[in-house]
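Engineer: Okay, handing you the structure first.
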Amino acid sequence: MNLRIDRRRILRSTGIAMSLPLLQTFSTTSAGAADPLGTATDPSNGDIRRMLMICAPLGIHTPNLFPKSAGQQYEVTPYLEPLQKVRNKVSIVSGLMHPDVDGGHAAEKSFLTGAAHPGQPSFQNTISVDQYAAEQIGHRTRFGSLVLAANRSSLSFTRSGVQIPAESRPSRLFAKLFLDGNKDEKAAQMRRIEDGQSVMDLVLEQTHKVQREVGREDNQTLDQYFSSVRELEVRLVQAAEWSKRPKPTVDRKPPTDITDRADFTGTMQLMYDMIFLAIQTDSTRLITMIGAGGNEVVALEGVDDGWHNLSHHGRDPNKIEMLSIIETEEMRLFAELLQKLDAVREGDNTLLDQTAILLGSNLGNASSHSNTDLPIIAAGGHFRHGQHLAFDPGSPPPLCNLFVSYLQHLGLETDRFSSGTSTLTGLG
């Protein structure tokens, strides 16, 4: 048997992926087995918790964002003006960073993982916070997570550090969420699920053969692997059940994709509309999105230079003025989403109360490619908001401490994630 080929055999069905673990018997290097996927049933009893993570890839000009004073009596900066209607459900967090995450734009890959030195040729990413959560609660909804992008790459990575492709077309996302498809399309979906089960049977048969040839330590590794396979079998059954259920209906026509990248406002509005509908219909509880931002000249009055060039303003006041026009629009659109979520009741709370939201960037100063003192806005969730949490940029807690707070908001029993070793002080 060619174990090299078998290790690369991947089970793919409705977003489920798994491969054979590396065994001591067949390798001189040490590697642990893949962690078993979570098995907890939904304990929410109507208290449905969600998480939304958004990255602004070209940074946010922090002098227009961060207040000079800390605490609840912070002054309203230009970028915070659109957020004042939900001020008591928003916190501005300054000073944070990911330890050892550098490389300028390359740090985008580590924004939700915290993996060190993403600019190094030997870099190997780790699991992103949304996928960490999806392993444990993703089975509770039709889609374990949604990975979205306005027009770029993806923020989400599997446990083995593989980037998950993002959906950037609102029309396809809408169809995925709300259109059932015809009879042939449904049958094709069922065949994909059944194929996943067939491949799983084949891999189990092969690993049982391997089990007779390996030592005690490797057998323990395989036992863990078999446990994970059994969990995946449950998920395949769940996927089959979801495929038989009708998708939710919404009072909205399918969107038309915007192909003009200069239409930043239209693009982001469509993506935020889809995010709102996904949350409102409980189609998923975990969403990541990387926002717009490239070399295009954004179609906003007063802007006549490329966005990326403006982000490298070198303190040129004319460039900063145009950049501020774009980023103020970013904040306005984000504030609209928060207000829409806050307007919908869910039990005793609103959708905003039930959704821990982060808007930030891997760039603290895009002009100098700095990855420190990151611009972070925390919103929603059951936290103590309405404040500016100002940490010392010289000795800040890791950004991943905020991620731990969000994981606990989701109901996960953990006090660690990546470089995070506790919840974020002051957020409550």
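Engineer: For the range 148-171, name all the residues that are in contact (Cβ under 8 Å) with a residue 40 or more places away in the chain and of a type in the set (D, E, K, R).
Structural biologist: Arg152, Arg159, Arg169
Engineer: What residue, of Asp316, Asp251, Asp260, is surrounded by fewer than 16 Cβ atoms within 10 Å (Cβ to Cβ) and modelled with pLDDT of 95 or more?
Structural biologist: Asp316 is the lone residue from the list that is surrounded by fewer than 16 Cβ atoms within 10 Å (Cβ to Cβ) and modelled with pLDDT of 95 or more.
Engineer: Report whether or not Thr372 is over 30 Å from Leu323 (Cβ atoms), assigned by TED's automatic domain parsing to the domain that holds Gly291, over 17 Å from the mean Cα position of the chain (by Cα) and among the hydroxyl-bearing types (Ser, Thr, Tyr).
Structural biologist: Here the answer is no, as Thr372 does not meet what is asked.
Engineer: Of the numbered conditions (1) surrounded by fewer than 21 Cβ atoms within 10 Å (Cβ to Cβ); (2) touching a Leu at 6+ places or on another chain (Cβ under 6 Å), Phe143 satisfies every one except a single condition; which is it?
Structural biologist: With respect to (1) surrounded by fewer than 21 Cβ atoms within 10 Å (Cβ to Cβ); (2) touching a Leu at 6+ places or on another chain (Cβ under 6 Å), Phe143 is out only on (2).
Engineer: Okay, next question. Would you be able to say whether some residue in the range 409-425 is crowded, with 23+ Cβ neighbours inside 10 Å and part of a helix (DSSP H, G or I)?
Structural biologist: The answer is no, given that none of the residues of the range 409-425 is crowded, with 23+ Cβ neighbours inside 10 Å and part of a helix (DSSP H, G or I).
The rows are residues; the columns are (1) closer than 24 Å to His117 by Cα; (2) modelled with pLDDT of 50 or more.
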{"position": "Gln24", "(1), (2)": "no, no"}
{"position": "Ala34", "(1), (2)": "yes, no"}
{"position": "Asn88", "(1), (2)": "no, yes"}
{"position": "Pro99", "(1), (2)": "yes, yes"}
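Engineer: Has the range 51-62 got any residue that is over 30 Å from Pro317 (Cβ atoms) and either buried (at least 24 other Cβ atoms within 10 Å of the Cβ) or acidic (Asp, Glu) (or both)? Steps first, please.
Structural biologist: Of the range 51-62, the ones over 30 Å from Pro317 (Cβ atoms) are 51-53.
Filter once more, so that each one left must be either buried (at least 24 other Cβ atoms within 10 Å of the Cβ) or acidic (Asp, Glu) (or both): 51-52.
Taking every residue of the range 51-62 in turn, at least one turns out to be over 30 Å from Pro317 (Cβ atoms) and either buried (at least 24 other Cβ atoms within 10 Å of the Cβ) or acidic (Asp, Glu) (or both).
Engineer: Same structure, new question: Report the residue count in the range 314-330 for those that are in contact (Cβ under 8 Å) with a residue 60 or more places away in the chain and under 11 Å from Ser367 (Cβ atoms). Give the steps one after another, and end with the answer.
Structural biologist: First, pick out the residues of the range 314-330 that are in contact (Cβ under 8 Å) with a residue 60 or more places away in the chain: 320, 323-324, 326-330.
In the following step, the residues that additionally are under 11 Å from Ser367 (Cβ atoms) were identified as 320, 323.
The number of residues fulfilling the criteria is 2.
The values are calculated or read from the model by the stated rules, or taken from the named source; none is laboratory data. On a predicted model such as this, the values are computed, not experimentally measured, just so you know. Note: ideal-geometry Cβ built from the backbone for every residue, glycine included; neighbour counts use all protein chains shown.
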